[in-house]
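Data block below; observations after.
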Amino acid sequence: DAGVTQSPTHLIKTRGQHVTLRCSPISGHKSVSWYQQVLGQGPQFIFQYYEKEERGRGNFPDRFSARQFPNYSSELNVNALLLGDSALYLCASSPKESYGYTFGSGTRLTVV
Amino acid sequence: AQTVTQSQPEMSVQEAETVTLSCTYDTSESDYYLFWYKQPPSRQMILVIRQEAYKQQNATENRFSVNFQKAAKSFSLKISDSQLGDAAMYFCAYKGRGSTLGRLYFGRGTQLTVWP
């Protein structure tokens, strides 16, 4: 079975631009969460979606948004990129909200 | 707010020896989950072991075991018979079952080096 897949693997953007990151959960997993991991720190929670509804939002500005599609895949959008948005963005999926998460390999975003 | 603290930024161990990684957490919830994740250079977070707070018995997974002290809010990871492949960043994480359901809180991580 395929694990959690994220695309793209790496990308470089310029300040002020917009970016869309994509995540496909494990088949059958209805919960998808997004995390931001800055170098040298633990991941920080951004969003959680379950059954296409937002179930939680971390302490991130409104420039960050996300959605979950009928097939449970998800997109994370970041507008007006800042240098400080440079990080590894991790997607994780779970069959239920109460289960542990399986993580993807992440998207490395560099803002220049 | 829930916080997770890993006080050891770096640890090292010789192959075949045992090492213990420390983690403490702060919460007002009575029911929750605790996890240890491993992140090798490939970046993927891999679940090592999971503990449910209502279970008094410490979780074990092959060479990995935990020492869960609920009253002290302590959750340490013991790696026995260390192998070169155990070298990675290890993160302790907390997930509540109340209003914060679904959200993982991570510590800053402990970088484990394994020497041959």
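Selection within the stretch B:86-116: residues that are open to solvent by 10 Å² or more (accessible area, probe 1.4 Å), within 13 Å of chain A (Cβ to nearest Cβ) and modelled with pLDDT of 95 or more. The member of this set that is nearest to A:SER31 (Cα to Cα) is B:PHE106. Candidates B:GLU52, B:GLU15, B:GLU10: the one that is modelled with pLDDT under 95 and either open to solvent by 10 Å² or more (accessible area, probe 1.4 Å) or among the aliphatic types (A, V, I, L, M) (or both) is B:GLU52.
Apart from one condition, A:LEU109 fits all of (1) assigned to a loop (DSSP other than H, G, I, E, B); (2) farther than 18 Å from B:TYR105 by Cα; the exception is (1).
In the condition set (1) open to solvent by 10 Å² or more (accessible area, probe 1.4 Å); (2) within 25 Å of B:ASP26 (Cβ to Cβ); (3) at pLDDT 95 or above, B:GLN83 is compliant with all but (2).
If you go through the stretch A:36-55 and keep only what is open to solvent by less than 70 Å² (accessible area, probe 1.4 Å) and within 14 Å of the chain's Cα centre (by Cα), you end up with A:GLN36, A:GLN37, A:VAL38, A:PRO43, A:PHE45, A:ILE46, A:PHE47, A:GLN48, A:TYR49, A:TYR50. If you check A:SER7, A:SER27, A:SER33 for being polar (S, T, N, Q) and open to solvent by less than 50 Å² (accessible area, probe 1.4 Å), only one passes: A:SER33. The selection criterion, being part of a strand (DSSP E or B) and within 11 Å of chain B (Cβ to nearest Cβ), holds for A:GLN6. The stretch B:4-70 holds strands (runs of 3 or more DSSP E) entirely within its bounds, and those carrying 3 or more residues that are farther than 22 Å from A:GLY104 by Cβ and either of a type in the set (S, T, N, Q) or away from chain A (no Cβ under 13 Å) (or both) map to B:10-14, B:19-21, B:64-69. Restricting attention to the stretch A:79-93, and to residues there that are surrounded by 22 or more Cβ atoms within 10 Å (Cβ to Cβ) and either in contact with a Cys (Cβ under 6 Å, 6 or more places away or on another chain) or of a type in the set (A, V, I, L, M, F, W, C) (or both), which single residue is farthest from A:THR20 (Cα to Cα)? Looking at the filtered set, the residue picked out is A:ALA92.
The values are calculated or read from the model by the stated rules, or taken from the named source; none is laboratory data. All figures in this text were calculated on a predicted structure; none of them were measured in a lab. Neighbour counts run over all protein chains shown; Cβ positions are idealised from the backbone, glycine included. Each accessible area value is taken on the protein alone, full model and side chains, heavy atoms only, with ligands, DNA and RNA left out. Shrake-Rupley method; radii C 1.70, N 1.55, O 1.52, S 1.80 Å.
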